[in-house]
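Asks: So that we are looking at the same thing, I have put the structure below in structure tokens.
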Amino acid sequence: MTRRRHIPLLVMSVALLTATLVAGCGGGRRGDGKPRVAADIVPLAMICREVGGDRVEVEVLVPPGSSPHTYELSPGQVSFLSRADMLVLNGLGLIPWEESLPSRVGRPDLVVVRAAESVPNEELLPAVSEWSEGQGEGEAGGPRGSETYDPHLWLDPLLALRIVDAMEEGLERVDPENAGYYRERASELSARIASLHEEVLRRTAAFSHREFISFHSSWSYFARRYGLRQVGVIEELPGKEPSAGDVAALVKLARSWGVRAVFAEEQFNPRVAEAVAEETGGEVRVWTLDPLGDLGDPRKGDYCSLILYNLEIMEEALR
Ligand SMILES: [Zn+2]
């Protein structure tokens, strides 16, 4: 009897407390519920989900199977964006329209996390269009523009660690009440990524071939970290098909390096990759990698699984 009488009071104080918390958020939360995060690409959405756990709602803008280089936003996504508390962008020109997103969202209190900004310039690699004759070598000069650096940072686990830190900081700004929760999850994720790095080091060291050709420049950072060599790319700019002359040059390059693997990608048509492999002849084969993953696919639905999924294919291809 006495217990029952206390319930309405308890409910009221919880309601009051919630109202106070929501009002006190400051950082940019809108109304009740979880912070809403829009992430441009799947791997960054993965990192955000892993740090944010069940306390954030994460929407990915470029869906699995689409290429960030060519994707256009749907009206539903534009409407999610208008309600987002935080925006996660890769940067470095990966998505042509993404730099205009913060102003399209139009909220002064929007928290924007840019993955590329968590990586110092000296750790960035030049974009393919900046490669010198030797391909893959050389320094990117000039200002940090969208076309100067290679944007595929997340595929290097050690750079991903920096992205985890940036993600944690962003979530703490949006939702300071849960800062401890985010900090703990970020440090757990960082520990998993650090041991993933050790595993990739060990397994790549056992590869008997280290050179490959890839569809576009997605594996540059991964290759640098693990002593592999992306000797050439089929499409310098995604969507720009190589000419007959480009294909002939690639075939020559593949032969001179003794390349045995051409890495196609799930997001692109493998036809040209097959043509390059065929013309090179010998033991060259096409393997399909997935640099982006899929939140709904357990084989590559979180950051570490995504790297291991690709590692397994590379292991098979370069053994
Ligand atoms: Zn790409």
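The values are calculated or read from the model by the stated rules, or taken from the named source; none is laboratory data. Every value quoted in this text rests on a predicted model; they were computed, and no experiment measured them. Cβ coordinates were reconstructed from backbone atoms using ideal geometry, including for glycine residues, and neighbour counts include every protein chain displayed. To get the accessible areas, we keep the full protein, side chains included, count just its heavy atoms, and leave off ligands, DNA and RNA. Shrake-Rupley method; radii C 1.70, N 1.55, O 1.52, S 1.80 Å.
Asks: Once a ≥ b ≥ c are taken as the square roots of the eigenvalues of the Cα gyration tensor of segment 30-197, is the result rounded (a/c under 1.5), prolate (a/b larger than b/c) or oblate (a/b not larger than b/c)? Write out the running numbers ahead of the final one.
Replies: On the way: a/c = 2.06, a/b = 1.35, b/c = 1.52.
Oblate, since a/c reaches 1.5 and b/c is not below a/b.
Asks: What accessible area per residue comes out for segment 208-318, rounded to a whole number of Å², with a 1.4 Å probe? Can you show the working numbers first?
Replies: Values: 4570 Å² over 111 residues.
Heavy-atom accessible area per residue stands at 41 Å².
Asks: Within 10 Å of each candidate Cβ there may be at most 14 other Cβ atoms; applying that plus a DSSP loop requirement, which GluC sites (Glu not before Pro) in segment 193-302 survive? Display every interim value, and only then the final one.
Replies: Numbers: sites: GLU198, GLU199, GLU211, GLU235, GLU236, GLU265, GLU266, GLU274, GLU278, GLU279, GLU283; in loops: GLU235, GLU236, GLU266, GLU283.
When the GluC sites (Glu not before Pro) of segment 193-302 are filtered for loop state and at most 14 Cβ neighbours within 10 Å, GLU283 remain.
Asks: Separate question: Heavy atoms of the protein only, probe of 1.4 Å, neighbouring chains included. What is the accessible area of HIS216 in Å², nearest 10?
Replies: That residue has around 10 Å² of solvent-accessible surface.
Asks: A follow-up question, please. Quick one: accessible area per residue over segment 30-197, 1.4 Å probe, rounded to a whole number of Å²? Don't skip to the end; give the middle numbers.
Replies: Values: 6820 Å² over 168 residues.
Per-residue value: 41 Å².
Asks: Ignoring everything but the protein chains, give the 1.4 Å probe accessible area of ARG203 in square angstrom, nearest 10.
Replies: That residue has around 50 Å² of solvent-accessible surface.
Asks: What trypsin sites (Lys or Arg not before Pro) does segment 216-310 have in DSSP loop regions with at most 14 other beta carbons within 10 Å? Intermediate values should be presented prior to the final figure.
Replies: Values: sites: ARG224, ARG225, ARG229, LYS240, LYS252, ARG255, ARG260, ARG271, ARG285, ARG299, LYS300; in loops: LYS240, ARG260, ARG299, LYS300.
The qualifying sites are LYS240, ARG299.
Asks: Need one value: the accessible area of ARG55 in square angstrom, 1.4 angstrom probe, rounded to the nearest 10.
Replies: Accessible area, nearest 10 Å²: 90 Å².
Asks: What aspartates and glutamates could a cross-link reach from LYS252, if we take a straight Cα to Cα line under 12 Å and drop same-chain neighbours fewer than 8 places away?
Replies: Partners within reach: GLU279.
Asks: Please get the size of the charge dipole for segment 208-318, origin at its Cα centre, with Cβ charges of +1 on Lys and Arg and -1 on Asp and Glu, quoted in debye to the nearest 20. The partial results should precede the final answer.
Replies: Values: 12 positive and 18 negative charges, 97 e Å.
Around 460 debye, computed over segment 208-318.
Asks: Still on this structure, I have one more. To make sure I understand the rule: partners must be aspartates and glutamates, Cα under 17 Å from the Cα of LYS34, and not fewer than 8 residues away in the same chain. Which ones qualify?
Replies: Excluding near neighbours in sequence, the set is GLU50, ASP54, GLU57, GLU59, ASP85, ASP109, GLU168, GLU169, GLU172, ASP175, GLU177.
Asks: Continuing with this model, one more query. For segment 168-182 and segment 43-99, what is the separation of their Cα centres, given in Å?
Replies: Centre-to-centre distance over Cα atoms comes out at 19 Å.
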